Every structure is written in structure tokens, then in C-alpha cells.
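These notes concern the structure reproduced below.
The values are calculated or read from the model by the stated rules, or taken from the named source; none is laboratory data. Predicted model, so just to flag it, every value in this text is computed and none were measured. Counting neighbours? That spans all protein chains shown, and the Cβs are built from the backbone with ideal geometry, glycine included. Note: accessible area is taken over every heavy atom of the protein model, side chains too, but ligands, DNA and RNA are not part of it. Shrake-Rupley method; radii C 1.70, N 1.55, O 1.52, S 1.80 Å.
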Amino acid sequence: MATKVLIVTGDAAESLEVLYPYQRLLEEGYEVHIAAPTNKTLRFVVHDFEEGYDTYTEKPGYTWPADLAFSEVAPADYAAVVIPGGRAPEYLRNDPELRKIVKAFFDADKPVAQICHGPLLTAAVGGLEGRRVTAYPALEPDVQAAGGSFQDTEAVVDGTLVSSRAWPDHPAWMREFLKLLRSRA
């Protein structure tokens, strides 16, 4: 039986930050499940960096079916969790079921991969306290307010937490996460 990895996300997640780790983990032979607030078709977005804009732009992205609702997740069944960015983490951090799931991974010292705005969710469960992390650069004050030390680099590994800034950093992020996952699962 393949080792299971959970991706937790919702509407307005960045398409590439969900689908790249999903496909990369499948390629490595892991069984991957996508969990969302409800078992529904999710609507992702595409964030791009365009000349003349002070921040990223957002366009409609892919749709993708969730495999299960947060209320159906048994964290003990999974070796690791992936937290994509986009706007989804901003509202997902308020979901009590998801906070229980993410906290369970930290409490069990299982690998957690977060990217872009994902630290908004891990901050909500105390997962950044005393850790070195990276995130989308605009989140530097949020990381610091949550007790983390912000690093502006492609990927940061601190114990079982692997973080990255945004989808342009995917190769470094997944390389580090897969290294950790192989050693732990």
C-alpha cells in the first residue's frame, strides 16, 4: 500500500501550488488526497507577476475535485501534509476542523510543506513559533508576529517544516520536501 500524503486547500488556492505537488507526489508513488471544507469541485486561481503591477495579478485557474471534506480526514492515516498558497489559507485558517488537522501533523512531528500564503494557516495553530520559514515576501510581518524568523529564499527546512515563497520556487521546495518525506515515511 502506498504512503498517503494529504493536501489541504480550498477555493482561490493557487493552481500551480496545488497541482504541482499533487502530480509530483503521484509521480514519486505516493497516494495523494485533496481535502477541502466540503467534498466539492474546487475553483483555483492563477497568480502571475506582470510588469507594471506592485503585486501579483489573479485570474481564474483550474477546477479540481476534492477527495474528501476536512471533517472526513484522519490525520493518523497520512505521512505528511501539503499546504498550498493563494488566497485560500486566509479564510481556511478560520476552519476549526482544518486547524485540528494541521495541529495534529505538528504534534506528531510529521512533515509539513507550506508555500506562499500557507503560513497563515500554520501560524493559526502555533506552527511557526521559534522556526525559520519563508513565505510570499508580503507575509514577513505575519511570520514574525507568529514567532517565526522570516528568510527570503527559495526553500527553508526547519525540522519537519519545509517552506517556500511561491510557485517559481517549486523545484527547490519539492526537492527538500521529498528528501524529508523519504527519510520519514
From the residues in segment 135-164 that are hydrophobic (A, V, I, L, M, F, W, C), touching a helix residue (DSSP H, G or I) at 6+ places or on another chain (Cβ under 6 Å) and closer than 15 Å to L178 by Cα, which one is least open to solvent (accessible area, probe 1.4 Å)? V162
List the pairs whose first member sits in segment 87-109 and is in contact (Cβ under 8 Å) with a residue 12 or more places away in the chain and among the aromatic types (F, W, Y), whose second member is outside any helix (DSSP H, G or I) and open to solvent by 10 Å² or more (accessible area, probe 1.4 Å), and whose Cβ atoms are under 7 Å apart, counting only residues at least 6 apart or on separate chains? F106/V125
Of the conditions (1) without any contact (Cβ under 8 Å) to a residue 40 or more places away in the chain; (2) surrounded by 18 or more Cβ atoms within 10 Å (Cβ to Cβ); (3) within 16 Å of the chain's Cα centre (by Cα), L181 fails just one. Which one is it? (1)
Could you give every pair whose Cβ atoms fall below 6 Å, whose first residue belongs to segment 20-35 and is in contact (Cβ under 8 Å) with a residue 40 or more places away in the chain, and whose second residue is open to solvent by 70 Å² or more (accessible area, probe 1.4 Å), counting only separations of at least 6 or pairs across chains? H33/D67
If we keep just the residues of segment 117-129 that are open to solvent by 10 Å² or more (accessible area, probe 1.4 Å) and over 12 Å from Y91 (Cα atoms), which is farthest from the chain's Cα centre (by Cα)? E129
Please list, ordered by residue number, the helices (runs of 4 or more DSSP H) wholly in segment 79-185 having 3 or more residues that are closer than 19 Å to H33 by Cα. 88-92, 96-107, 170-184
